[in-house]
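Everything below concerns the one structure shown next.
The values are calculated or read from the model by the stated rules, or taken from the named source; none is laboratory data. Given the structure is predicted, the values throughout are model-derived calculations rather than measurements. FYI the Cβ positions are ideal-geometry reconstructions off the backbone, even for glycines, and counts take in every protein chain you see. Ligands, DNA and RNA are excluded from the accessible area calculation, which covers all protein heavy atoms including side chains. Shrake-Rupley method; radii C 1.70, N 1.55, O 1.52, S 1.80 Å.
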Amino acid sequence: MKKICVLGLGYIGLPTAAMFAGNGHIVAGVDVNEDIVAVINNGDIHINEPNLAGRVKEAVAAGKLYAATTPETADAFIISVPTPITAEKRADLSSVCKAAESIVPHLKAGDLVILESTVPPRTTLDILLPILGRSGLCIGDELLVAYCPERVLPGKILEELVNNNRIVGGVDDSSAVAAQNLYASFVRGEIFLTDATTAEMTKLMENTYRDVNIALANEFALISEKAGFNVWDAIYFANKHPRVNIHQPGPGVGGHCIAVDPWFIVESAKGEARLIETARKINDSMPSHVVNLVRQQLQGISDPKIAVLGLTYKANVDDCRESPAVEITARLEQLGYRLGIYDPLAKSKKIVTLAEALRGADLLLLLVNHDDFGFINPSRVARLVRRRSLIDTRRVLDVEAWQKEGFNVTTLGEGIRREDTACSLRDASRVN
Ligand code: SAJ
C-alpha cells in the first residue's frame, strides 16, 4: 500500500484518484478549488462520468480518499492539472509549474513524481525536472520521475483507465519501472516503457492523428458539396477497404484535447508541422461553414427562429467546453437569429425544453449526435414548427422519416440530394 497524492481533481485526476483508492492505496486528492474539495470530501462528485460517483463515494466512506487544497507528504505524486492553450496557440504550463512547486517541500528520498497532463515535448526534462531539483534530491537516485499520459475517452473513463494500454516515459529506467509498478495496481492493459520525451510525443501524436483524420473527412465533406457526391456514403464505402479508416465529418472538433494538443506540436516545430497546422485550421473552419449553411436556408424569412439540437462538444456527454455547437450558436445569436437550444445532457442556462425550442421554429439545426435525438418524432415536431426545414450536421436523423412529414432536409457533406437519386448508396450497399 502506498500513499499517493493526486494533484488536480478534474476529468482525469478524480477518476485516477478513485482507481488508486479502490485498489489498495491511500489517496490525498489536491485541488485549488475549495468547492471541489468540499464536494469530494462529502463523497460527491462535480463532474458527470459513468460509474464515477459510486466509486468516489465508496472510497471516501472507506477513508481511502480525501481531498485538500494543499499537498502533503506521500510516496508518489501524480500531476494531472489542465494545460490549456493561450491566445497565441502555445501551451499554458502555469498549472503544471504551480503543482510541481507545491510538492517540492514535501518530497523525500525514494518518492516518485508522475506528470500526466498533456504537454509539449521536453516539458518533463526542461520544465518539470528543474523545479523538482529545488528539493535538493538527486533525480534518478533519490527522486524518481516519469511522464505517463492519460489516454481515456470521456464517457468511458473508468473502463478505459483499466483496459487501455499505457505508455510510461521515465527520466531513467528505475523511474519508468517504478511508475509501471504503480499503475499495475489497476491497469489491465499492457504498460510500455520508454523515455519521457517519447511518451510526451506519443500522447500528442495520438490526438493529432485523430484531428488530421477528422480534417480529412471534413475536407471531403466540403469537396462533396462542390463536386456533388454524398460524403457519408463515400466514407462508409472507403472504410470497407481493409486498410482505410476515415473518420466522420461534422460541425467542428471540440473538447479540450483534440482541438488543442496538435498546437503543442506546432509550437515545438512550427516549420515542420505543416500538415498538422492545416488540419487544425480546416477543423476550426467548420463552424463558419455551418453558419453559412444556416444563412442560406433562412434567406428571405423575416425574424427567423432556429431550434438547435445539441450544445455539448460531442455525443452523449454533458461537457460543453470548446464545443463547436457553442461557437455556432454564439455566432448565430450575433447575426440576430432567435434561438431555442435543446440538449438533454448539457448543463447551461441557455437550454430550454424540446417543445420550447421547436415552437415556431423556421429551421432545425442538429449539431450533436446524442443517441436521444434518434427518438425525436418528426410528426410531433411538424406540429410545433413554423417551417419544416432541417440541417443535420452529423447525419444521424432518418431522412426519409423526416421527408415524409414534409421536411426539407439538408445534410452537411451531402452534395447529392437523396430525392435526386433513384436509390441511395446505402440502399445499394444493402442490396449487395
Ligand atoms: N469528432 C468528429 N469526427 C469523428 C470523431 C470525433 O468530428 O470522427 C469530433 C467530436 O464530435 C468532438 C471532437 O471530435 O467534437 C473530439 O472528440 P473525440 O471523441 O475524438 O475525442 P475526445 O476529445 O473526447 O478524447 C480524445 C481521445 N483521443 C483519441 O481518441 C486519440 C481520448 O482517448 C484522449 O484521452 C482524450 O482525447 C484526451 O484527453 O486527450
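Considering each residue of segment 117-163, count those that are of a type outside the set (A, V, I, L, M, F, W, C) and crowded, with 17+ Cβ neighbours inside 10 Å, and give that number. Write out each step before concluding.
The initial filter retains those residues of segment 117-163 that are of a type outside the set (A, V, I, L, M, F, W, C), namely 117-118, 120-124, 126, 130, 133-136, 140-142, 147, 149-151, 154-156, 159-160, 163.
The next check asks that each one be crowded, with 17+ Cβ neighbours inside 10 Å; those that pass are 117-118, 120-121, 123-124, 135, 147, 149-151, 154.
Here the count works out to 12.
What number of residues within segment 292-308 satisfy the criterion of being open to solvent by 10 Å² or more (accessible area, probe 1.4 Å) and assigned to a strand (DSSP E or B)?
In the first step, residues of segment 292-308 are kept if they are open to solvent by 10 Å² or more (accessible area, probe 1.4 Å); the result is 292-293, 295-297, 299-305.
From what's left, assigned to a strand (DSSP E or B): 305.
Count: 1.
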Among the residues of segment 223-281, write down those that are without any contact (Cβ under 8 Å) to a residue 40 or more places away in the chain, under 25 Å from residue 153 (Cα atoms), open to solvent by less than 60 Å² (accessible area, probe 1.4 Å) and within 16 Å of the ligand (Cβ to nearest atom). 235, 239, 244, 246, 247
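When segment 316-344 is examined, which residues are found to be at pLDDT 95 or above, outside any helix (DSSP H, G or I) and either in contact with a helix residue (DSSP H, G or I) (Cβ under 8 Å, 6 or more places away or on another chain) or within 16 Å of the ligand (Cβ to nearest atom) (or both)? Quick ask: steps written out before the conclusion?
Step one: filter segment 316-344 for residues at pLDDT 95 or above, giving 323-344.
Checking the rest, the ones that are also outside any helix (DSSP H, G or I) come to 323, 335-344.
323, 335, 337, 339, 340, 341, 342, 343, 344 - these are the residues of segment 316-344 that are at pLDDT 95 or above, outside any helix (DSSP H, G or I) and either in contact with a helix residue (DSSP H, G or I) (Cβ under 8 Å, 6 or more places away or on another chain) or within 16 Å of the ligand (Cβ to nearest atom) (or both).
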Please go through segment 1-50 and give me each residue that is without any contact (Cβ under 8 Å) to a residue 24 or more places away in the chain and of a type in the set (Val, Ile, Thr), ordered by number. 39
Is there a residue in segment 30-52 that is surrounded by 14 or more Cβ atoms within 10 Å (Cβ to Cβ) and under 25 Å from residue 176 (Cβ atoms)? yes
Residue 83 is checked against (1) open to solvent by 10 Å² or more (accessible area, probe 1.4 Å); (2) more than 25 Å from residue 259 (Cα to Cα) and fails just one. What number does that condition carry? (2)
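Filter segment 17-30 down to residues that are touching a helix residue (DSSP H, G or I) at 6+ places or on another chain (Cβ under 7 Å) and β-branched (Val, Ile, Thr), then give me how many there are.
The initial filter retains those residues of segment 17-30 that are touching a helix residue (DSSP H, G or I) at 6+ places or on another chain (Cβ under 7 Å), namely 18-19, 21-22, 27, 29.
Retained after the next criterion (residues that are β-branched (Val, Ile, Thr)): 27.
Total satisfying the criteria: 1.
Every residue in segment 318-356 that is under 14 Å from the mean Cα position of the chain (by Cα) and either within 20 Å of residue 382 (Cβ to Cβ) or surrounded by fewer than 24 Cβ atoms within 10 Å (Cβ to Cβ) (or both), please.
First pass over segment 318-356, keeping only residues under 14 Å from the mean Cα position of the chain (by Cα): 318-325.
If the condition is that a residue be under 14 Å from the mean Cα position of the chain (by Cα) and either within 20 Å of residue 382 (Cβ to Cβ) or surrounded by fewer than 24 Cβ atoms within 10 Å (Cβ to Cβ) (or both), then 318, 319, 320, 321, 322 are the ones that fit.
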Can you name the residue in segment 193-215 that is of a type in the set (A, V, I, L, M, F, W, C) and open to solvent by less than 40 Å² (accessible area, probe 1.4 Å) and is also farthest from the ligand (Cβ to nearest atom) among such residues? 196
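Here is a yes/no grid of residues against (1) closer than 15 Å to residue 20 by Cα; (2) of a type in the set (A, V, I, L, M):
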| position | (1), (2) |
| --- | --- |
| 159 | yes, no |
| 173 | no, no |
| 180 | yes, no |
| 187 | yes, yes |
| 207 | no, no |
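Keeping to segment 55-80, report how many residues are part of a loop (DSSP other than H, G, I, E, B) and buried (at least 19 other Cβ atoms within 10 Å of the Cβ).
Step one: list which residues in segment 55-80 are part of a loop (DSSP other than H, G, I, E, B), which gives 62-64, 69-75, 80.
In the following step, the residues that additionally are buried (at least 19 other Cβ atoms within 10 Å of the Cβ) were identified as 64, 71, 74, 80.
Of the residues in that region, 4 qualify.
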I need a count of the residues in segment 138-188 that are charged (D, E, K, R), in contact with a helix residue (DSSP H, G or I) (Cβ under 6 Å, 6 or more places away or on another chain) and within 14 Å of the ligand (Cβ to nearest atom). 1
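Quick check on segment 23-39. Is at least one of its residues away from the ligand (no atom under 16 Å from the Cβ), in a helix (DSSP H, G or I) and under 19 Å from residue 112 (Cα atoms)?
So the first thing to find is which residues in segment 23-39 are away from the ligand (no atom under 16 Å from the Cβ), and the list is 23-39.
Still in the list and also in a helix (DSSP H, G or I): 34-39.
From what is left, the residues that are under 19 Å from residue 112 (Cα atoms) are none.
For segment 23-39, residues away from the ligand (no atom under 16 Å from the Cβ), in a helix (DSSP H, G or I) and under 19 Å from residue 112 (Cα atoms): absent.
Taking the residues in segment 111-143 that are among the charged types (D, E, K, R) and over 32 Å from the mean Cα position of the chain (by Cα) as candidates, determine which candidate is farthest from residue 95 (Cα to Cα).
As a first pass, look at segment 111-143 and keep what is among the charged types (D, E, K, R): 111, 116, 122, 126, 134, 141-142.
Still in the list and also over 32 Å from the mean Cα position of the chain (by Cα): 134, 141-142.
Working: 134: 18, 141: 27, 142: 25 Å.
The qualifying residue farthest from residue 95 (Cα to Cα) is 141.
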Taking the condition closer than 19 Å to residue 102 by Cβ, modelled with pLDDT of 95 or more and among the aliphatic types (A, V, I, L, M), does residue 39 pass? no
